[in-house]
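What follows is a single structure, written as structure tokens, with notes after it.
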Amino acid sequence: MNTILIIIIGIVFAAIGQVYWKLGMNQSGSMVALNFEYVRAVLLNPYVLMGFVMYGLSTIFWLIALSKKDLSFVYPFISLTYILVLVLSSLVLKECIGLNKIVGTLAIIFGLIIISRA
């Protein structure tokens with residue numbers, strides 16, 4: 001399997017994991033104090049648990065990618081996670097995407113194009 005595809009699959013799992021964690025934290029409420037009951041409730045929240053599963057899958061694909069390419073090649077692709085989280089947070093969580101985020105996203109994409117051609 002192509003290394004870029006492996007990286008992208010890992011990034012998709014990581015981004016979905018972030019959305020699940022946010023959904024879980026929305027259900028759990030804002031953390032006012034760090035106490036056992038709150039932490040237990042958060043860690044047992046189905047969305048938070050699914051976020052851990054997604055991150056576990058992401059890690060597996062990340063390790064596969066690292067076995068195939070140099071870290072200096074693979075690591076910059078983590079910035080794609082930000083782009084996917086931005087899109088998913090807009091679609092799933094109804095968060096606003098402003099002009100600054102769009103410009104920053106374009107800068108990330110441009111940088112990745114330069115890195116991936118090296």
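Below is a table of values for the structure above.
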item	result
Matching entry among F73, F61 (being under 13 Å from A14 (Cβ atoms) and assigned to a helix (DSSP H, G or I))	F61
Residue check, V74 loosely packed, with under 14 Cβ neighbours inside 10 Å and of a type in the set (V, I, T)	no
Residues that are modelled with pLDDT of 95 or more and charged (D, E, K, R), drawn from the stretch 69-94	K94
Pairs, first hydroxyl-bearing (S, T, Y) in the stretch 96-108, second at pLDDT below 95, C-beta under 6 Å, six or more apart	T105/I83
Top-ranked residue of the stretch 20-38 - restricted to ones that are in contact (Cβ under 8 Å) with a residue 12 or more places away in the chain and of a type in the set (A, V, I, L, M, F, W, C), ranked as surrounded by the most Cβ atoms within 10 Å (Cβ to Cβ)	W21
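For (1) exposed (fewer than 15 other Cβ atoms within 10 Å of the Cβ); (2) within 30 Å of N2 (Cα to Cα), each residue gets a yes or a no:
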{"position": "R40", "(1), (2)": "yes, no"}
{"position": "N45", "(1), (2)": "no, no"}
{"position": "S58", "(1), (2)": "no, yes"}
{"position": "K94", "(1), (2)": "yes, no"}
{"position": "G111", "(1), (2)": "yes, yes"}
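The values are calculated or read from the model by the stated rules, or taken from the named source; none is laboratory data. The structure displayed is predicted, hence computed values, not measured ones. No Cβ is skipped: glycine too gets one built from the backbone with ideal geometry, and neighbour counts run over all protein chains shown.
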